[in-house]
Amino acid sequence: MKLSHRITHITGDGSDGWDLYRRARSLVASGIPVVELTIGEHDIRTDPSILNRMQTSALGGHTGYPGIPGIPALRKAVAERIERQTGVPTDMHNVLITAGGQGALFAAHQAACDEGDRALFIDPYYATYPGTVRSVGAIAVPVKARAEDGFQPRAADLAAAADGATSLLINSPNNPTGAVYSRATLEAIAGVVLDRDLWLISDEVYDTQIWSGSHLSPRALPEMADRTMVVGSLSKSHAMTGSRIGWVCGPAEAIRYMMDLATNTNYGIPGFIQDAGLHALSLGPEFEAGIAAPFLRRRAITQRLLAQQNIVRALPMDGAMYAMLDISATGMGGNAFAEALLDAERVAVMPGDSFGEAAAACVRVAMTVDDDRYAEALTRLLDFAARLSVGTSDRD
Ligand code: PLP
């Protein structure tokens, strides 16, 4: 039977960018030890107090069909959090609870884009962005940010790509680059969005992981609340990746229509997960800082080790749980380097190519194993790069 073009083209025609990750996984499955610095998942598990609340809620009977937009208490708690961050009046009617940030990304693009519309996003990008856009029938249009700008996008590049576009997706703090967009960058983005009448979809799932600078949501900028959909999640801030809970926050009318989408797709998020999410949010900023702390420590480890050599360079490292490393001095591109590193050192990192073209000279290191293993693996990576670069200069 013929399958729809839409579903058979979600990942496009080429690789989905996860080949190296799968190769590392299969080495591990066959008993070969590999230090996996690939996916963005904490090395700690969800806090027991959150799990206890989940269990109490489920045993207490919250196992029936949940309300579609989310339980009011959680929607209110999310709205209050966003109002605190942005200063923009926000209430529960601006919030839909979704299956993680990913569910929110999908819902926001469904709301913003018609079949065949151009949907912009910044390259380097989180791996699901093009597939999310294609799964709503829109055309995925990456717009390159440049390493020399610390991967802050330029307004002129966005404007040049904006003809026929209906949405722009941004992500700060950024996966994979670790960039945190400055106020100037966000104001320039807002300028293009207003000028070209776009929806701005602002993926803020790393908003608790800021190492330098501060988090500014574009929802807070003048005239932007009516055209911004903020994507949020408890996955990264509360180590709840497996609970699949997040939200989209936007104009009440957009949220009302996205409720129709929720009714006709997942039919709401389990009530006991939402109760646990509500409890997680009530734990406050100190708890969130504790979840983020290991990445801040490992960023310091990265900076210390990088300072001892001059082959590999770290790009921004201002936020999120990743270090984007420029390995071009080795004479290899990201893909070849990551494959060779896995073969030689049994250290798995993601090729920059997995996240678009703009980071093809880089590898992304997820700082997601304990500090000692992390330091050891990074040392091996740097020694490996040093050996390669000697080879490169020999050839010159
Ligand atoms: N957005 C970004 C930038 C991410 O890195 C991720 C996950 O890694 C997500 C969204 C989706 O996260 P979740 O669906 O677990 O909330």
Farthest positive-ward along the chain dipole, Cα basis, beta-carbon charges - from Ala292, Ala320, Leu305: Ala292
Give, in whole angstrom and from largest to smallest, the semi-axes √(5λ) of the equivalent ellipsoid of the chain, with λ running over the eigenvalues of the Cα gyration tensor. 34, 25, 21
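Could you work out what % of the accessible surface of the range 145-263 is carbon and sulfur, using a 1.4 angstrom probe and leaving DNA, RNA and ligands out of the count? Before the final figure, lay out each step's value.
Working: 1890 of 3920 Å².
Exposed carbon and sulfur together represent 48 percent of the surface.
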Length released on extending from Thr265 to Thr379, taking residue separation times 0.36 nm less the Cα-Cα span: 36.4 nm
Specify which residue in the list Asn175, Tyr206, Leu194 is farthest towards the positive end of the charge dipole of the range 157-220, using unit charges on the beta carbon of Lys, Arg (+1) and Asp, Glu (-1), about the Cα centre. Tyr206
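Excluding Gly319 itself, what net charge comes from residues whose Cβ is under 11 Å from its Cβ, given Lys and Arg +1 and Asp and Glu -1? If you can, show how the numbers build up before the last one.
On the way: positive: Lys236, Arg299; negative: Glu204, Asp207, Asp318.
Its environment carries a net charge of -1.
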Environment charge at Ser237 (Cβ cut-off 11 Å; Lys +1, Arg +1, Asp -1, Glu -1): -1
Quick one: angle between helix 72-86 and the longest Cα principal axis of the chain, in degrees between 0 and 90, rounded to 10, please. 60
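What order do Lys236, Lys2 take when sorted by accessible area (1.4 Å probe), most exposed first?
Details: Lys236 35, Lys2 170 Å².
Largest accessible area first, the list is Lys2, Lys236.
Determine, from the Cβ-Cβ distance of Ala307 and Ala344 and an R0 of 22 Å, the FRET efficiency 1/(1 + (r/R0)^6), rounded to the nearest 0.05.
Working: r = 24 Å, r/R0 = 1.08.
Computed FRET efficiency for Ala307 and Ala344: 0.40.
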When N counts the residues of the range 130-245, how does its alpha-carbon radius of gyration compare numerically with 2.2 N^0.38 Å, as a ratio? 1.06
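If you put +1 on each Lys and Arg Cβ and -1 on each Asp and Glu Cβ, how big is the dipole of the range 167-314 around its Cα centre, in Debye rounded to 20?
On the way: 12 positive and 13 negative charges, 159 e Å.
Here the size comes out at about 760 debye.
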Taking a crude spin-label model, label points 7 Å out from Cα along the C-beta direction, the Ala386 to Asp372 distance in nm is 2.2
Between the Cα axis of helix 252-263 and the main Cα principal axis of the chain, the angle (0 to 90°, nearest 10) is 80
What angle do you read, to the nearest 10 degrees and between 0 and 90, between the alpha-carbon axis of helix 271-282 and the longest principal axis of the chain? 70
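Starting from the Cα-Cα distance between Glu148 and Arg45, subtract it from 0.36 nm times their residue separation and give me the gain in nm to one decimal. Can you show the working numbers first?
On the way: separation 103, 0.36 × 103 = 37.08 nm, distance 3.64 nm.
Stretched fully, the Glu148-Arg45 segment lengthens by 33.4 nm.
Between rounded, prolate and oblate, where does the range 177-262 land on the alpha carbon gyration tensor, with a ≥ b ≥ c its root eigenvalues, rounded for a/c under 1.5, else prolate if a/b exceeds b/c? Let's see the in-between values first.
Working: a/c = 2.67, a/b = 1.06, b/c = 2.52.
It comes out oblate by the Cα gyration axes.
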To the nearest 20 Debye, how big is the dipole of the chain about its Cα centre, given +1 on the beta carbon of each Lys and Arg and -1 on that of each Asp and Glu? 580
Round to a whole number: what % of the accessible area of the range 316-388 belongs to carbon and sulfur, probe 1.4 Å? 47
Alpha carbon centre of the range 200-258 versus the range 334-396: separation in Å? 31
Can you tell me the accessible area per residue over the chain, all protein chains present, probe 1.4 angstrom, in square angstrom? 42
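Which value in deg cm²/dmol, rounded to the nearest 500, describes the helix-derived mean residue ellipticity at 222 nm for the chain, given -39,500 (n - 2.57) per DSSP H run of n ≥ 4 and division by the residue count?
When only DSSP H runs of four or more count, the value is -13500 deg cm²/dmol.
The values are calculated or read from the model by the stated rules, or taken from the named source; none is laboratory data. In this text the structure is predicted, and so the values were computed from the model without any measurement. So basically every Cβ, Gly included, is an ideal-geometry build from the backbone, and we count neighbours across all protein chains shown. These accessible areas exclude ligands, DNA and RNA; they are computed on the full protein's heavy atoms, side chains included. Shrake-Rupley method; radii C 1.70, N 1.55, O 1.52, S 1.80 Å.
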